[in-house]
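Q: Here it is, the structure, as structure tokens.
The values are calculated or read from the model by the stated rules, or taken from the named source; none is laboratory data. All values derive from a computational prediction rather than experimental measurement. Neighbour counts run over all protein chains shown; Cβ positions are idealised from the backbone, glycine included.
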Amino acid sequence: MSTSTLNAQTRGFGLSVAITSIVSALLVLAKEANPGLVTFMKDLTVHHWVTHAIFDVIVFVAVGFLLAKSNNGQGPAIGDEKLIQIIVGGFLLGCVIIAGFYLITG
């Protein structure tokens with residue numbers, strides 16, 4: 001197990017940031033490719049971006065709690081440096097997914 005100065009919740013929710021960033025980017029692509037999804041999301045709330053934000057918060061909280069409780073309540077067995085790398089990588093990957101999509105599709 002990697003040594004960490006962070007508690008289980010910090011590690012779990014840190015990984016959740018990375019995962020949520022990627023999931024959110026994929027949802028952007030899904031909405032762009034499927035106008036029916038945008039309409040559905042707009043019908044759920046006042047705007048599809050409001051629904052998108054609510055979805056992101058739900059994913060972040062659910063994944064964060066699940067990861068924080070993993071490993072018999074010890075959270076993910078990951079070191080501090082690796083956690084930082086994963087958070088930054090997940091965020092950047094989400095950005096690249098969205099930017100790449102718009103560069104390719106124009």
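Listed here are the residues, each with its yes/no results for (1) surrounded by 15 or more Cβ atoms within 10 Å (Cβ to Cβ); (2) basic (Lys, Arg); (3) over 22 Å from TYR102 (Cβ atoms).
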position	(1), (2), (3)
SER4	yes, no, yes
VAL28	yes, no, no
ALA33	no, no, no
LEU37	yes, no, no
VAL46	no, no, yes
PHE55	yes, no, no
LYS69	no, yes, yes
ALA77	no, no, yes
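Q: Within the set of pairs 6+ apart or on separate chains, which have a first residue in segment 95-106 that is closer than 14 Å to LYS31 by Cα, a second that is surrounded by 12 or more Cβ atoms within 10 Å (Cβ to Cβ), and C-beta atoms under 6 Å apart?
A: ILE97/ALA25; ILE98/ALA25; ILE98/VAL28; PHE101/LEU29
Q: Now for a different question. Could you list all residues from segment 97-106 that are loosely packed, with under 14 Cβ neighbours inside 10 Å and either in a helix (DSSP H, G or I) or on the phi < 0 side of the Ramachandran plot (or both)? Quick ask: steps written out before the conclusion?
A: Looking only at segment 97-106, we keep the residues that are loosely packed, with under 14 Cβ neighbours inside 10 Å, and these are 99-100, 102-106.
Matches in segment 97-106: ALA99, GLY100, TYR102, LEU103, ILE104, THR105.
Q: Does LEU15 fit the bill of being over 14 Å from ILE87 (Cα atoms), at pLDDT 95 or above and part of a helix (DSSP H, G or I)? Spell out how you get there, then give the answer.
A: Numbers: over 14 Å from ILE87 (Cα atoms): no; at pLDDT 95 or above: yes; part of a helix (DSSP H, G or I): yes.
Criteria not met by LEU15.
Q: Tell me which residues, restricted to segment 46-76, are farther than 12 Å from THR10 by Cα, outside any helix (DSSP H, G or I) and either touching a Lys or Arg at 6+ places or on another chain (Cβ under 6 Å) or of a type outside the set (Val, Ile, Thr) (or both).
A: Listed by number, the residues that qualify are HIS47, SER70, ASN71, ASN72, GLY73.
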